[in-house]
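A short reminder: the numbers here are calculations on the coordinates, not readings from a lab. If you're wondering where the values come from, they're calculated on a predicted model, not measured in any experiment. Cβ coordinates were reconstructed from backbone atoms using ideal geometry, including for glycine residues, and neighbour counts include every protein chain displayed.
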Amino acid sequence: MDVRFAYADPPYLGRCHYYGHHHEAPYGCWDDPMTHVELLNYLDREYDGWAYSMSSSSLSALAQWVPSARVGAWDKPFASFKPGQRVPYVWEPVLFKTAKQFEDAPWTRDFLVEPMSMKRGVTGAKPEAFCRWVLDLLGYQDDDEFTDLFPGSGIMDGVRAQLRLPI
């Protein structure tokens, strides 16, 4: 049986100025927490399992709306120090909800330590290892349906294509 999974990496709450108008929200402005809540509700309603990237500063505002989800952590060993910021942002939470337990699904941790992508052409582009980790968190297998709601650089679909290559 195919399982429906989705990944969402919308403009982070309060960070629309980094994206311009590249992402129009069907529910409202991405700087409004309720826009994110609507998307989380959509994911929970329409998909068997899903993952949702966000900033650490928005975790408390958004996680309360999906109490059945878990929180994973993407830890970035490098961070740039910005003026007026004594404690840099070096991790990002990923809310996730898996659909089922698989006997042959990969075992994975609820955290990943991986440097951020640089110069990918899209603000917030994720590294390949991050994409693989998200797929592993969800228990994704080749015959499952998968939707990347914010494909940006296309890296998630590229990683999925690599998983299907014969060994």
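Brief remarks on what is shown
- Chain lengthening between V71 and A99 when straightened (0.36 nm per residue, less Cα-Cα): 8.6 nm
- Placing pseudo-labels 7 Å out from each Cα toward the beta carbon at S80 and A161 gives an inter-label distance of 2.9 nm.
- In this rough spin-label picture, where each label sits 7 Å from Cα along the Cβ direction, the V90-T147 distance is 3.7 nm.
- Between A129 and L59, the modelled label-to-label distance comes to 2.0 nm, taking each label 7 Å out from Cα in the direction of the beta carbon.
- Ordering F78, F5 from the fewest to the most neighbouring beta carbons within 10 Å gives F78, F5.
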